[in-house]
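Working notes, beginning with the structure itself.
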Amino acid sequence: MDDATVERVRALVRAIPPGQVRSYGEIADEAGLSSARLVGRLLAEDGHDLPWHRVVRANGTFAPHIAAEQAARLRVEGVLAADGRVPAELRPRRR
DNA sequence: CCTCTGACGAGTC
DNA sequence: CGACTCGCCAGAG
């Protein structure tokens with residue numbers, strides 16, 4: 001994967017407004033990536049300085065190992081994650 | 001070169 | 001709903 005793509009992903013994540021979430025898949029498409037997994041991988045390696053907590057799975061759930069931290073950070077922004085998932089209204093819609 | 005393993009997603013049953 | 005499968009890219013062993 002090339003650096004330009006990585007930058008696109010980082011920019012997209014940075015562009016997510018507080019209190020709002022987007023899915024790995026959406027980021028992947030818009031950044032021109034073929035797989036959502038790559039977005040996850042990028043965030044794991046190079047996303048420490050990004051609002052990664054605003055990126056959730058397509059069904060609104062969190063990745064297991066970061067669920068607690070993610071829920072905490074979102075709560076600060078006013079997003080109350082009940083039952084380890086984001087409220088339906090904020091959940092990334094499939095279309 | 002092959003297999004396994006992910007911060008994933010969509011489709012089937 | 002949950003459980004499984006397959007496609008996806010890259011790095012590790």
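The values are calculated or read from the model by the stated rules, or taken from the named source; none is laboratory data. Computed from a prediction, not measured in an experiment: that's the story for all the values here. Backbone-built Cβ (ideal geometry, glycine too); neighbour counts: all protein chains shown. Only protein heavy atoms, including side chains, enter the accessible area calculation; ligands, DNA and RNA are left aside. Shrake-Rupley method; radii C 1.70, N 1.55, O 1.52, S 1.80 Å.
Among residues of segment A:8-43 being in a loop (DSSP other than H, G, I, E, B) and of a type in the set (S, T, Y), the one that is farthest from A:V76 (Cα to Cα) is A:S34. Contact map, segment A:70-95: first residue without any contact (Cβ under 8 Å) to a residue 40 or more places away in the chain, second residue not in a loop (DSSP other than H, G, I, E, B), Cβ cut-off under 6 Å, separation 6 or more or different chains; pairs are A:Q70/A:H53; A:R73/A:H53; A:A81/A:A71; A:A81/A:L74; A:G84/A:A67; A:R85/A:T61. Considering segment A:6-53, the residues that are in contact with a Ser or Thr (Cβ under 8 Å, 6 or more places away or on another chain) and free of Cβ contacts under 8 Å to residues at least 24 places away in the same chain include one that is most open to solvent (accessible area, probe 1.4 Å), namely A:A36.
In segment A:18-44, how many are more than 8 Å from DNA strand B (Cβ to nearest atom) and of a type outside the set (V, I, T)? Residues in segment A:18-44 being more than 8 Å from DNA strand B (Cβ to nearest atom) and of a type outside the set (V, I, T): 11 in total. Looking only at residues in segment A:44-57 that are over 9 Å from the mean Cα position of the chain (by Cα) and within 16 Å of DNA strand C (Cβ to nearest atom), the one that is nearest to A:E77 (Cα to Cα) is A:G47.
Within segment A:74-91, not a single residue is loosely packed, with under 14 Cβ neighbours inside 10 Å and within 12 Å of DNA strand B (Cβ to nearest atom).
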